[in-house]
Amino acid sequence: MFGFIKKSLSKTVAAIKTVAPKKKITFTKDELEDILLEADVEYALVEIILNEIYQDKITREILRSKLLATLAYTSYKEPKFTPPFVELIVGVNGAGKTTTIAKLAYKYKQEGKKVLLGAGDTFRAAAIEQLTLWANRLDIPVVSSKQGHDSSAVAYDAIDSAKAKGFDNVIIDTAGRLHTQTNLANELKKVKRICDKAHKGAPHRTVLIIDGTQGNSAISQAKAFNEMIGIDGIIITKLDGTAKGGSIFSIAYALELPILYVGTGEQPENLTPFDKYEFVDGLLD
Ligand code: GDP
């Protein structure tokens, strides 16, 4: 059983179990609609799923395959790369970028890797301070500059330093002020270009952080980021507490991007790799 579903999405799981107890083998379309809505799947996606079902009696197996189909894009393949592996972390302010960077850094460190952080959100002094706090707490070095300085210079210095000192991973924070999109688009594009100058092929992975409690607005923000610089994978945060598990389906379906991890709390260890089979089976078992 997918641990994070049991703990964090317990309300969703309990709701599904009420409308679809395990002894129930087949469902009508009406019942299926209830199951999906109880799982917090967005209504538009529920309609799409229902419209593609032609049987009168829907089995658990059909339901399972339909749910898996909405997560068709969730497999990720790591590209070939020369170390260090450079990741660019993007997303709107408040989505959980800084916290997720700390979680990734913690995970890599646990795996015995040498990790370096780059405080690339030079637009907000608080972002630099917060990332530095995490770095100190995790005993991981961070490259930063003053507020207002060029974020691509921070990215370059971080990668350059990591190469010189034989680091395995570089995780670079970026600005998330989506309300001034043009400037941000140019800034992010430049950061991406400079990463490649510092280390051919970098960034090897551009990861979008999405707040799982934000529904449709998170999806349109995500589309904007994808158009701006191209996203390789997403991490959905805040899937704990009153989180809506069904948003995972809506986000994956709308964006056609792999879900790498889900965030289930504010601590460094609250990051779970996403496996679509475990996720769906956890909901339906
Ligand atoms: P940033 O502005 O994108 O860098 O966002 P932060 O990393 O500062 O996160 C914003 C808030 O969300 C902070 O209070 C975090 O503790 C909280 N947060 C981030 N990820 C999670 C998560 O997975 N679960 C919960 N409950 N809170 C989270």
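Structure data summary
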{"quantity": "Residue within the range 250-267 that is surrounded by fewer than 16 Cβ atoms within 10 Å (Cβ to Cβ) and more than 13 Å from the ligand (Cβ to nearest atom) present", "calculated": "yes"}
{"quantity": "Residue that is farthest from Phe85 (Cα to Cα), among those in the range 118-164 that are acidic (Asp, Glu) and either within 16 Å of the ligand (Cβ to nearest atom) or assigned to a helix (DSSP H, G or I) (or both)", "calculated": "Glu129"}
{"quantity": "When residues of the range 180-215 are limited to those that are without any contact (Cβ under 8 Å) to a residue 40 or more places away in the chain, polar (S, T, N, Q) and in a helix (DSSP H, G or I), the one nearest to Glu87 (Cα to Cα)", "calculated": "Asn186"}
{"quantity": "Pair list, Cβ < 8 Å and 6+ apart or interchain, from the range 110-121 residues that are among the basic types (Lys, Arg) and at pLDDT below 95 to residues that are assigned to a loop (DSSP other than H, G, I, E, B) and more than 16 Å from the ligand (Cβ to nearest atom)", "calculated": "none"}
{"quantity": "Filter result (assigned to a loop (DSSP other than H, G, I, E, B) and near the ligand (Cβ under 10 Å from one of its atoms)) within the range 62-101", "calculated": "Gly91, Val92, Asn93, Gly94, Ala95, Gly96"}
{"quantity": "Scan of the range 216-246 for residues that are away from the ligand (no atom under 13 Å from the Cβ), under 14 Å from the mean Cα position of the chain (by Cα) and in a helix (DSSP H, G or I), ordered by number", "calculated": "Ile219, Ala222, Lys223, Asn226"}
{"quantity": "Residues located in the range 157-188, provided they are basic (Lys, Arg) and either surrounded by 17 or more Cβ atoms within 10 Å (Cβ to Cβ) or at positive phi (or both)", "calculated": "Lys163"}
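The values are calculated or read from the model by the stated rules, or taken from the named source; none is laboratory data. None of the values given here were measured: they were computed from a predicted structure. Cβ atoms come from the backbone with ideal geometry, glycine included; neighbour counts cover every protein chain shown.
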